[in-house]
Amino acid sequence: MKILLIGSGGREHALAWHLKKNPQVKLISAPGSPALAALGETVQIAPDNISALTILARQRKPDLTVIGPEVPLVLGLTDLLRSEGFLVFGPSGRAAQIEGSKVFAKDFMVRHNLPTASYAVFYDFEEAKQYLEAASYPLVLKADGLAQGKGVIICGKLEAALKAICTLSGLGAGKRMLVEEYLAGEESSFFVITDGKTVLPLPSAQDHKTIYDNDCGPNTGGMGAYCPAPLISPHLKNTIMETIIKPAVTGLATEGTPFSGLLYAGLMVTLNGPKLLEFNARFGDPETQALMPLLKSDLAEVFLATAEGRLEDIKLEWSDQSAATVVMSAEGYPGAYRKGDLITGIDKARERPNVEVFEAGVEYRQEGRSLNRYTNGGRVLAVTGLGDNLQKAVDTAYEAVSDIKWAGAHYRRDIGSKALHQNLLYSP
Ligand code: AMP
Ligand code: GLY
């Protein structure tokens with residue numbers, strides 16, 4: 001089975017690593033990364049160059065294309081490929097608007113009665129300013145379009161909100177902005193795979209968004225994850241499926257934009273139950289690096305069945321272990337970060353049992369007889385440990401992290417600690 005995988009990050013490395021467990025899978029990645037080049041061919045085409053990617057598909061005729069990042073989904077790569085008869089794991093451009101436009105997503109949530117924060121939409125600064133002057137705080141300001149995790153600002157008071165409007169206007173993520181009620185609670189990521197009809201939930205996962213321990217500092221793409229998340233009890237999982245996921249999948253289908261692929265619900269579990277913060281139209285990063293080592297089913301078969309609309313035939317099988325993923329980032333991230341530092345210890349970490357190291361911002365250089373790895377991105381590595389319980393998984397991940405070194409390496413020391421010292425307030 002020839003699979004074209006779009007993307008280059010740690011998430012794609014984890015997907016590719018699992019896909020290659022099936023010996024029949026031949027992988028082509030675009031643009032890929034050095035780690036992906038070790039698993040198959042790579043072709044240097046940027047994920048937003050959807051016409052070049054379509055030409056690549058025409059030339060290589062993959063049996064399946066798997067789209068990792070949101071940008072090509074929102075640009076409509078799936079539609080282009082499907083119109084030429086190719087099978088794709090990933091939603092259409094219109095269905096991906098559930099991630100691509102926050103206004104579209106919120107309006108959709110309200111149309112289908114999905115629990116979410118109340119909100120107002122503004123088209124211009126003056127109108128928003130008047131609203132903000134009369135509002136009570138805290139509240140949350142959001143840019144409408146894709147903003148690489150920078151489009152959300154939580155404001156404790158009016159002055160911060162007025163500053164936030166200026167920041168969001170400068171992001172180039174569309175002209176519209178949302179002002180949202182602030183929700184207090186505990187966040188969790190909830191993933192399902194769906195072909196638009198059948199919906200298969202994945203084990204719950206929890207991300208760690210901020211750069212520093214105890215949820216301090218600016219937001220990042222994600223600094224660590226664990227899976228499953230004890231916060232999501234079987235009862236809560238059922239509530240999420242019945243009040244959020246199933247009505248969303250049905251709603252998208254009845255509105256003529258059936259969703260096929262991975263639907264990611266970003267949730268805030270509040271004292272009044274789970275509320276939707278956002279939808280994403282793709283796998284989470286780094287949650288995928290925690291999830292994949294727990295999946296026992298053949299991922300290629302799952303993706304193919306989704307693309308062919310026969311997910312009802314599939315049963316997902318999971319290990320009953322826990323996984324913890326610690327992201328190691330470069331000095332300066334999520335601001336301007338340093339590149340080109342020599343990384344040591346990855347191979348040593350990989351020799352440990354129950355450890356996987358997924359590479360994101362890593363460059364390889366052949367130096368004499370040795371192939372050396374250097375930092376080449378903000379989030380550099382995701383180190384996953386497995387264990388019979390979360391504590392063991394966390395310990396294993398941190399032991400492996402201690403093997404890996406470069407100048408300026410940073411990682412959070414508290415991945416999983418919220419789950420290990422769970423605040424019962426939020427456990428219904
Ligand atoms: P989003 O891109 O919508 O997921 O927002 C990024 C982060 O901002 C979320 O992961 C939350 O931590 C926070 N956030 C977003 N919306 C709200 C809200 N209404 N109340 C509290 N925190 C929020
Ligand atoms: N882990 C957050 C995201 O993938 O959006």
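The values are calculated or read from the model by the stated rules, or taken from the named source; none is laboratory data. Because the structure is a prediction, the values reported are computed rather than measured. Here the Cβ positions follow ideal geometry from the backbone for every residue, glycine too, while neighbour counts run over all protein chains shown.
Only one of Leu141, Leu162, Leu114, Leu132 is buried (at least 20 other Cβ atoms within 10 Å of the Cβ) and under 30 Å from Tyr333 (Cβ atoms). Can you tell me which? Leu141 is the lone residue from the list that is buried (at least 20 other Cβ atoms within 10 Å of the Cβ) and under 30 Å from Tyr333 (Cβ atoms). With out of contact with any Pro (no Cβ under 9 Å at 6 or more places or on another chain) and within 24 Å of Arg379 (Cβ to Cβ) as the only criterion, which of Pro72, Pro34 stands out? That would be Pro34, the only listed residue that is out of contact with any Pro (no Cβ under 9 Å at 6 or more places or on another chain) and within 24 Å of Arg379 (Cβ to Cβ).
When Lys339 is tested against (1) closer than 23 Å to Asn22 by Cβ; (2) in contact with a Phe, Trp or Tyr (Cβ under 9 Å, 6 or more places away or on another chain); (3) free of Cβ contacts under 8 Å to residues at least 60 places away in the same chain, just one condition goes unmet, and that condition is (1).
Residues in segment 318-331 that are of a type outside the set (S, T, N, Q) and surrounded by 13 or more Cβ atoms within 10 Å (Cβ to Cβ): Trp318, Ala323, Ala324, Val326, Val327, Met328, Ala330, Glu331.
Annotation: of all residues in segment 148-188 being touching a helix residue (DSSP H, G or I) at 6+ places or on another chain (Cβ under 9 Å), assigned to a loop (DSSP other than H, G, I, E, B) and more than 12 Å from ligand 1 (Cβ to nearest atom), the one that is farthest from Ser136 (Cα to Cα) is Gly174. Restricting segment 1-27 to residues that are touching a Lys or Arg at 6+ places or on another chain (Cβ under 8 Å) and without any contact (Cβ under 8 Å) to a residue 40 or more places away in the chain leaves a set whose member that is nearest to ligand 1 (Cβ to nearest atom) is Leu27. In the condition set (1) surrounded by fewer than 17 Cβ atoms within 10 Å (Cβ to Cβ); (2) basic (Lys, Arg); (3) under 21 Å from the mean Cα position of the chain (by Cα), Lys315 is compliant with all but (3).
Would you check if Asn113 is part of a loop (DSSP other than H, G, I, E, B), within 23 Å of Leu295 (Cβ to Cβ) and modelled with pLDDT of 95 or more? The answer is no for Asn113. When Pro286 is tested against (1) closer than 19 Å to Gly100 by Cα; (2) touching a Ser or Thr at 6+ places or on another chain (Cβ under 8 Å); (3) within 13 Å of ligand 2 (Cβ to nearest atom); (4) not hydroxyl-bearing (Ser, Thr, Tyr), exactly one condition is not met: (1). Annotation note: Cβ proximity below 6 Å between a residue of segment 67-84 that is within 21 Å of Lys102 (Cα to Cα) and a residue that is among the charged types (D, E, K, R) and surrounded by fewer than 24 Cβ atoms within 10 Å (Cβ to Cβ) (sequence gap 6+ or interchain) occurs for Glu70/Glu99; Val71/Asp48. Please work out if Leu425 is modelled with pLDDT under 95 and either within 23 Å of the chain's Cα centre (by Cα) or over 19 Å from Glu331 (Cβ atoms) (or both). Spelling it out, Leu425 is indeed modelled with pLDDT under 95 and either within 23 Å of the chain's Cα centre (by Cα) or over 19 Å from Glu331 (Cβ atoms) (or both). Within segment 10-65, the set of residues being among the polar types (S, T, N, Q) and surrounded by 15 or more Cβ atoms within 10 Å (Cβ to Cβ) comprises Ser29, Ser33, Thr42, Asn49, Thr54, Thr65.
When restricted to residues that are hydroxyl-bearing (Ser, Thr, Tyr), within 15 Å of ligand 1 (Cβ to nearest atom) and assigned to a loop (DSSP other than H, G, I, E, B), segment 116-129 contains 1.
Filtered by the rule that a residue be away from ligand 1 (no atom under 15 Å from the Cβ), assigned to a helix (DSSP H, G or I) and within 21 Å of the chain's Cα centre (by Cα), segment 72-106 gives Pro72, Leu73, Leu75, Leu77, Thr78.
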